[in-house]
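Some notes on the structure that comes next.
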Amino acid sequence: MKIKNVFTKGNVINVIKSLGKVRPKISHTSILTFSTLTLILVIAFVVRLFPMRWEIDPATGKSNLLLSEFDPYFQYRFTEYIVKNGFIAWAWPTPWIDDQRWYPQGFNVARGAYPGLPLTAAFLYKIISMLGVGIDLMSFCSLFPAIMGMLACLAIYFLGKDIGGKPVGLLAALFLALHPSYIQRTSVGFFDDETVGILALIVFAFLFLRAIEEDRPLNSTIKYSLACGAILGYFCASWGAAYYPIGLTALFVFVLLIMKRYTRKLLLTYSITFGLGLFIAINVPYLSPNYLLSATIVAVAGVFGLLFLADILTTLPTRKLKIITVIVFLALLVGVYAVLWQLGYVQGLTGKFLSVVNPFTRAESPLYESVAEHRISAWGSIYYDLGIGIVFFIAGLFFVFGNLNNKNLFLLIFGLTSLYFACSMVRLLVLMAPSFSLLVGVGVNGLLKPFIALLKEPPKMGLKKKFGLERVGKEFSGTAMFLIFLILTTSLAFPSPKVYRQAYTPTTISSGSLSIIPSEPVQEWINMLYWTRTRLSSKTVVCSWWDYGYWLTVLGNVTTLADNATVNGTQIQNIGFIFMSNETQAIKVLKWYKAEYILVYVTIYYDKEKGSISLANAGGDEGKWGWMASISGKARERFIKQGLISEGEMWTSNFEDVKQMFGNSTLGISWHDSDRDGSIDENEYVQVSKGQNCTIYKLMRYAMERWLQVQKGGSPPATKLLYFSEAYIAGLENDGTKYGGIVPLVCLYKINYPER
């Protein structure tokens, strides 16, 4: 039997021709949307790479990426440990006690840190390493935030599209990509919890709103609920701000109940989401089952009880029976909560979480108040961050309020609550970024809709001839749209390029922690950390203010007494006392810790024209001594009982009292007043003497005099140190012509204990 050959030349040509006639059915709108979204994502990623300018060596052209701020260095250390030892080695079989931190007790990482970000970064790093991508872990962690920032913009597009259509999704993605606070927290080097936290928040909202859609099939609702619960568990394991989406969702569901929008799908979604999410959360060692006893989680249980009650009421036949059931159930709910509260099982909000809800409690804790990002947001900082977008934000609130479907109701609550928390704490401006971007997108879209309709088909509007117009034409709509575009452009770029400035800020260590943006990388801190890493051992104990703990541990490879985790307030109080007391008192506390070195950081300003120097107060300890005194002043009675100081000598935690006691200027005296020419009265002289007698003042003063000796050929330092000797001062070679005349001096001193 002969088989006919179908692969003839003619047949092949016909097949190719037929394939050429087949065209994918892609609309111009889809192509335009895809292109716009791709452009937004590229902008979001590239703008977050700007700090790399300060990481490139101009001599070699090579990049040595470093992390920004302070907390990212611990996140890197945690990630590095996972990469080297395995994904569960930090918690099992024995918890990792990092003995280079918080000496002598060390730091229990499993019980003191969120593992979500390090686990995510380690997992992704292992994948790209297996794929053969040659990148060191520090550089990968530095680039990680920019990647997460781009993905968050993609996620908010889908959330915005579900809420208000593709235009809202694209606008929300654009505004999030260029949001100043979000850029700051996701630019190169900012390897911290917010990088995954904001992305998880957006994905959580997207999944939850999809799960409760009324026309969605049951199996689809279950899938979205399971995914939503998994994301919530991941959020809880990654960032302390997980209390926010938990409380936000509980409040949203509670409002739905009040508005009589209960459905069994809502009960199912709520149950699966929080059941799975909280199950994951309590298995995180840092959270443990005690997490379920916090006030926020108890509120979640209360809302679940109300959902259960609403479901029961739908089955009861008579109104009387429903009323009795409601009364009994609510009485039981309140009674159980009251009993648990009285027995101490319910934990109220404490620490910084309480200070977010009630910012006035921060005055009682100088430790929290000393952190700039924990302070109440000033109106100026809010406007600088949000700009003219505030107008469109308000318009967005108006539009969603006018159409309160479930998604708009969620967005309304999301926007108002995040606005409150952003006003409560500067750091939480980043938490407002997603809701702000969505509402601005809704506002811009709502304002543009009528003008777009006029452009498509402008209606004829009869008007009185005295106005000189017979109809509103396309030119009116075009002008209005151009004005909105101009307002938005002005907000983002002119006259103050906020986005550019926020993105073009160097990493903190590359700027030497200065409060200005230098024109070139600042080497002093990098030089100091290289010196400690190469000259000292990992067991060497260095005392410094807690701000610099992560840098010294991770980059300097020495053991520190405290760092930015601030888990031991007593130890920070002791360090503050060391710096603010005299040398004889300080050496007693240093001996407790067997510290071998002490480090201070001072910035001075050199006026080349006048040839004079003064304190720059540009990020050094000369601007932090007040907080050292205030924080240590909280332990006033303890220090007196320990015999370290007498009743009359010890200061209080009140900042104004501290300034009065040590002098209103920096430690009571400027660098030029050491000769005491008689212009200081007796009371001021006492303050000056106390200020000059502080350990930190003497250490900073000595470094300043050493700089004068090196740069101006002066005499050896006149300041005499009893128990400290110079080990290394980074910055002595700076002649004052760099960094705008600011000279940062990072000073390390050897501690010489008395024989007796």
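The values are calculated or read from the model by the stated rules, or taken from the named source; none is laboratory data. These numbers were taken from a predicted model, which means no experiment stands behind them. All Cβ positions, glycine included, derive from the backbone under ideal geometry; neighbour counts span all protein chains shown.
The figures follow:
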quantity: Subset of the range 615-636 [among the aliphatic types (A, V, I, L, M), surrounded by 22 or more Cβ atoms within 10 Å (Cβ to Cβ) and over 19 Å from ILE729 (Cβ atoms)]; calculated: MET628, ALA629, ILE631
quantity: Residue in the range 529-552 that is more than 30 Å from ARG48 (Cβ to Cβ), among the β-branched types (Val, Ile, Thr), more than 23 Å from the chain's Cα centre (by Cα) and modelled with pLDDT under 80 present; calculated: no
quantity: Condition met for ILE578 (buried (at least 23 other Cβ atoms within 10 Å of the Cβ) and either among the hydrophobic types (A, V, I, L, M, F, W, C) or part of a helix (DSSP H, G or I) (or both)); calculated: yes
quantity: Residue check, ASN290 surrounded by fewer than 23 Cβ atoms within 10 Å (Cβ to Cβ), more than 28 Å from VAL326 (Cα to Cα), without any contact (Cβ under 8 Å) to a residue 12 or more places away in the chain and of a type outside the set (Gly, Ala, Ser); calculated: no
quantity: Residue match in the range 195-203 (condition: in contact with a Pro (Cβ under 7 Å, 6 or more places away or on another chain) and more than 28 Å from THR33 (Cα to Cα)); calculated: no
quantity: Scan of the range 710-741 for residues that are outside any loop (DSSP other than H, G, I, E, B) and modelled with pLDDT under 90, ordered by number; calculated: GLN711, LYS712, TYR739, GLY740, GLY741
quantity: Check on ALA200, under 28 Å from ARG111 (Cα atoms) and surrounded by fewer than 23 Cβ atoms within 10 Å (Cβ to Cβ); calculated: no
quantity: Counted residues, the range 115-143 - those being aromatic (Phe, Trp, Tyr), surrounded by 21 or more Cβ atoms within 10 Å (Cβ to Cβ) and closer than 22 Å to ILE280 by Cβ; calculated: 0
quantity: In the range 85-138, residue farthest from GLY569 (Cα to Cα) [restricted to those that are among the aromatic types (Phe, Trp, Tyr) and more than 26 Å from the chain's Cα centre (by Cα)]; calculated: TRP92
quantity: Residues satisfying the stated conditions in the range 177-196, i.e. hydrophobic (A, V, I, L, M, F, W, C) and either at pLDDT below 95 or not in a helix (DSSP H, G or I) (or both); calculated: ALA177, LEU178, ILE183, VAL188, PHE190, PHE191
quantity: The lone exception for ALA281 - which of (1) in a loop (DSSP other than H, G, I, E, B); (2) of a type outside the set (Lys, Arg); (3) surrounded by 17 or more Cβ atoms within 10 Å (Cβ to Cβ) it fails; calculated: (1)
quantity: Of residues in the range 591-614 being at pLDDT below 90 and touching a strand residue (DSSP E or B) at 6+ places or on another chain (Cβ under 6 Å), the one surrounded by the fewest Cβ atoms within 10 Å (Cβ to Cβ); calculated: SER614
quantity: Out of LEU159, LEU154, LEU174, sole residue that is modelled with pLDDT under 95, in a helix (DSSP H, G or I) and of a type in the set (A, V, I, L, M, F, W, C); calculated: LEU174
quantity: Number of the exception - TYR262 against (1) of a type outside the set (A, V, I, L, M, F, W, C); (2) under 24 Å from PHE421 (Cβ atoms); (3) in a loop (DSSP other than H, G, I, E, B); calculated: (2)
quantity: Among (1) touching a helix residue (DSSP H, G or I) at 6+ places or on another chain (Cβ under 6 Å); (2) at pLDDT 85 or above; (3) part of a helix (DSSP H, G or I); (4) among the β-branched types (Val, Ile, Thr) - the single one VAL688 does not satisfy; calculated: (2)
quantity: Subset of the range 402-419 [under 14 Å from VAL440 (Cα atoms) and more than 26 Å from the chain's Cα centre (by Cα)]; calculated: ASN408
quantity: Subset of the range 206-225 [part of a helix (DSSP H, G or I) and touching a helix residue (DSSP H, G or I) at 6+ places or on another chain (Cβ under 6 Å)]; calculated: PHE206, LEU207, PHE208, LEU209, ARG210, ALA211, THR221, TYR224, SER225
quantity: Given (1) under 18 Å from PHE204 (Cα atoms); (2) assigned to a loop (DSSP other than H, G, I, E, B), index of the condition ILE272 fails; calculated: (2)
quantity: Residue ID - nearest to SER513 (Cα to Cα), chosen from residues in the range 742-756 that are assigned to a strand (DSSP E or B) and either modelled with pLDDT under 85 or not hydrophobic (A, V, I, L, M, F, W, C) (or both); calculated: PRO744
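So that you can scan it fast, the table gives a plain yes or no per residue for (1) of a type outside the set (Gly, Ala, Ser); (2) touching a Leu at 6+ places or on another chain (Cβ under 7 Å); (3) at pLDDT 95 or above:
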position: ASP215; (1), (2), (3): yes, no, no
position: CYS228; (1), (2), (3): yes, yes, yes
position: GLY240; (1), (2), (3): no, no, no
position: VAL253; (1), (2), (3): yes, yes, yes
position: LEU307; (1), (2), (3): yes, yes, no
position: LEU313; (1), (2), (3): yes, no, no
